[in-house]
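Presented below is the structure to which this report refers.
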Amino acid sequence: MSATEHLRMTGRVWVVGDNINTDLILPIQAYYLSVEEQPAWVFSANRPGWSDEVTVGDILVAGRNFGVGSSRPAARSLKNLGIACLLAESINGLFYRNAINFALPALEAPGIMALFQEGDVAEIDFEAAKITKPERNEALEAIAMPEQLLGILKAGGIYPLLQSENLIE
Amino acid sequence: MGMTAIEKILARNSEQSVVRPGDIVTTKVETAILFDNNFMATTWRKILHVHDPDKVVVVFDHRAPASHVLSAQAHQTGRAFVKQFGISRFHDIGFDQGISHAIVADYGYGLPGTVLLCSDSHTCSAGVFNLAARGVGSPDMTYAVTKGETWFRVGETVRYELQGELRPGVSAKDVFLHLAGTYGDHATLNVEYGGPGLAGLSVNARRTLTTMSAELSVEFATFEPDDVMLDFVAARTDQELQPVWPDEDAVYADRRVIRLDQIAPLVALPDAVLNNSKPVADVSGQAIDQAFIGSCANGTLDDLAIAARVLEGKRVHDGVRLLVTPATQNIYREALRRGYVLAITEAGGVVTNATCGACGGGSLGVLGPGETCITASTRNFKGRMGDAEAKIFMASPATVAASAIQGSIADPLEYFR
Ligand code: SF4
């Protein structure tokens, strides 16, 4: 994603419930594996086989309090699995920060669970925080990501920023 | 229109007179804590510049001593970092080892009114000392260590007004289970604890509440200051303390009164903490394989005292493994001096060195398929303590100790009559 590009995505929707925690996204067994191997373990305890079905560009819709749990880089696994955007009723604050920092687009979208079922297609204008369900011509306003944080997301996360300032290798 | 304690702390540290919910603020970071997971090869990004080494603390806790080669390498990377940048507050394996959040308490690193960051999700623990403490990921930590600042989204605050006193055998963990069971998640919100009930809660008990608040998905958990807390910190630091009280006309998302005397022992059922609490009676008799008392929330000296009191002169039930892990080596030594370690081990419990240990499923005390554990730690998520088919019930140290004796989940109150 380049910094000037307007973020839009269209993709197939997967739906998960409330309080999806980081142990489900990045289980402890996967924590010891390489970054490349970790995504295969996403939801292995609650939805075995799911990571094989996901294709690049899919959209994850979730209930309340997505990402509750530890600081582990669980957002990175969703990003590397190809999830184009996370849309949740609400997002745990720590997970939200990690999402931005690992450049996983994520929006809090109260009402999202009522709008989508698994297999639907969602269209997202990320910066306008506008989510559309084209087949029924229904739309939802999400909570927009503040400008400052959008900048980090579009830069590809925190590390490229720090690297450009020679603060990290 | 006044501000809540956390709003005032964020305003002070971002050099603004007022902050309001919805604002994004940039604050300086007074204390930045790195721990062994930050140095794991899959996570670590080599830092070339440290903003101020005196503001950095390094702790090895999640896998300490190292549980396998990867964690041993993480410790090596951490030691090299400490050496390169001259970090003086370093808690390596040994005398001053412990879990980061308990180290913050033991060594007075949590300064009232300041901002503290650590890349562990239970960092809100330090909010007991009336500061803005939050867990962030490794990227945010790297930013804070290299630049000395961070950003926060200011959220609304829920005020918990504590009244009355806990009955013997009921502890702060039960208060937490009551909050989690009654109110569910607090995503995007802060919590502020205060009220006359504070007087009856030790700093350790209060810290159990702020630590467990991570499970409520809070942004920040902060206690109103009082003399007990301020004396505790003053005895451990020579820095000047600048506590913050909420304004009388502060605006809260909600104010909830909690009657401490009405709380009874509770248990969280397996797989989820939120909206999942039941009275002990509902699950009593459920057989267990393992019982654990420890973690940043429940490895305090108070918790070990309770375990020793329940276990004194008893035996852990046949076929049950009881593991007890003090949160710091300071606590371990004090528990030795007071005879708690003897009481627990004579009962058949295993007292380990200070570490996260069984809490994170990353090292000792891992659960096998189909096993059942009752834990006084922070999380009962599916797969948290080992195999995904293990069942984890979560309760107070008193309930866990009573259950270890009975061999199945048991009400602890009879030990406190
Ligand atoms: S004791 Fe458990 S919850 Fe606390 S820091 Fe360690 S792993 Fe995390």
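Can you list the residues in the stretch B:1-41 whose accessible area drops by at least 10 Å² when all protein chains are present, compared with the chain alone? Use a 1.4 Å probe, heavy atoms only. Correct list: B:Ile24, B:Thr26, B:Asn37, B:Met40. Given springs between every Cα pair under 10 Å in a Gaussian network model of chain A, which of A:Glu53, A:Glu135, A:Glu89 has the largest fluctuation? Fluctuation is largest for A:Glu53.
Taking both sides together, the accessible area buried where B meets A is about 4000 Å² for a 1.4 Å probe. In chain B, Cα pairs under 8 Å separated by at least six residues give a relative contact order of 18 percent.
Can you grab the distance from the C-alpha centre of the stretch B:7-65 to the C-alpha centre of the stretch A:52-83, Å, no decimals? Here the two parts' Cα centres lie 25 Å apart. Placing a pseudo-label 7 Å from each Cα along the Cα-to-Cβ vector at A:Asn137 and B:Arg256 gives an inter-label distance of 4.3 nm.
For a straight C-alpha distance cut-off of 12 angstrom, the aspartates and glutamates reachable from B:Lys46 (same-chain residues fewer than eight places away being disregarded) are A:Glu169. Pairs of C-alpha atoms in chain B farther apart than 32 Å represent 32 percent of all such pairs. Helical content of chain A, expressed as a calculated mean residue ellipticity at 222 nm, amounts to -6500 deg cm²/dmol (DSSP H runs of 4 or more residues, -39,500 (n - 2.57) each, divided by residue number, nearest 500).
For the stretch B:141-146, backbone phi angles converted through the Karplus equation (6.51, -1.76, 1.60; θ = phi - 60°) give residue-by-residue couplings of 5, 4, 4, 5, 5, 7 Hz, Gly and Pro being listed as x.
Counting only other chain Cβ atoms within 10 Å of each residue's Cβ, the peptide A:16-28 averages 5.
Of the residues making up the stretch B:141-175, those losing 10 Å² or more of accessible area when the isolated chain is joined by the remaining protein chains, with a 1.4 Å probe, are B:Thr142, B:Tyr143, B:Thr146, B:Lys147, B:Trp151, B:Arg153. Pairs with C-alpha atoms separated by more than 21 Å, drawn from the list B:Lys173/B:Lys314; B:Lys173/B:Lys391; A:Lys154/B:Lys55; A:Lys154/B:Lys8; A:Lys79/A:Lys133, are B:Lys173/B:Lys314; A:Lys154/B:Lys55; A:Lys154/B:Lys8; A:Lys79/A:Lys133. Helices in chain B, meaning DSSP H runs of at least 4 residues, each add -39500 (n - 2.57). Divided by all residues, the mean residue ellipticity at 222 nm is -8000 deg cm²/dmol.
Mean partner shielding of peptide A:87-94, defined as the number of other chain Cβ atoms within 10 Å of each residue Cβ, is 6. In the full protein context, the protein assembly as shown carries 34 Å² of accessible surface per residue, based on a 1.4 Å probe and ignoring ligands, DNA and RNA.
Remark: relative contact order (the stretch B:256-393) = 29 percent; criterion is Cα-Cα distance under 8 angstrom and separation of 6 or more residues.
Per-residue 3J(HN,Hα) values for the stretch A:149-163, derived from phi via the Karplus relation 6.51 cos²θ - 1.76 cosθ + 1.60 with θ = phi - 60°, read 7, 4, x, 5, 4, 6, 6, x, x, 6, 4, x, 5, 5, 5 Hz in sequence order (x marks Gly and Pro). The label-point distance for B:Phe95 and B:Gln76, in a model that sets each label 7 Å from Cα toward Cβ, rounds to 2.7 nm. Here the stretch B:261-417 is assigned +1 on the Cβ of each Lys and Arg and -1 on the Cβ of each Asp and Glu. Its dipole about the Cα centre then comes out at about 280 debye.
Determine the percent antiparallel among the DSSP beta bridges restricted to chain B, to the nearest 5. Write out the running numbers ahead of the final one.
Working: 11 of 56 bridges.
Bridges in chain B that DSSP calls antiparallel: roughly 20 percent.
Taken residue by residue and averaged, Cβ atoms of other chains lying within 10 Å of the Cβ of A:100-113 number 1. Only protein heavy atoms count here; on that basis, with a 1.4 Å probe, B:Ile258 has an accessible area of about 0 Å². The calculated FRET efficiency for B:Ala234 paired with A:Leu33, based on their beta-carbon distance and R0 = 41 Å, is about 0.35. GNM, chain B, Cα, under 10 Å: largest mean-square fluctuation among B:His49, B:His178, B:His62? Largest GNM mean-square fluctuation: B:His49. For the peptides B:343-354, B:403-414, the ranking by packing is B:403-414, B:343-354, with the highest mean count of neighbouring Cβ atoms within 10 Å listed first. Working from label points 7 Å from Cα in the Cα-to-Cβ sense, the A:Ala129 to A:Arg8 distance is 2.1 nm. Its residue count N fixes a reference of 2.2 N^0.38 Å for the protein assembly as shown, and the Cα radius of gyration divided by that reference is 0.92. In the stretch B:10-98, Cα pairs under 8 Å separated by at least six residues give a relative contact order of 29 percent. Annotation: the antiparallel percentage among DSSP beta bridges lying fully within the protein assembly as shown is about 30.
Calculate, in nm to one decimal, what B:Ala287 and B:Gln84 gain on full extension: separation in residues at 0.36 nm each, minus their alpha carbon distance.
68.0 nm
Of the residues B:Phe152, B:Phe129, B:Phe223, the one that moves most in a GNM of chain B with alpha-carbon contacts below 10 Å is B:Phe152.
Peptide packing: for A:32-40, B:108-116, the average count of neighbouring Cβ atoms within 10 Å per residue gives the ranking B:108-116, A:32-40, highest mean first.
The values are calculated or read from the model by the stated rules, or taken from the named source; none is laboratory data. Since we're looking at a predicted model, the values are computed, not measured. Note that each Cβ is placed from the backbone with ideal geometry, even for glycine, and that neighbours are counted across all protein chains shown. All accessible areas refer to the heavy atoms of the entire protein, side chains included, with ligands and DNA or RNA removed. Shrake-Rupley method; radii C 1.70, N 1.55, O 1.52, S 1.80 Å.
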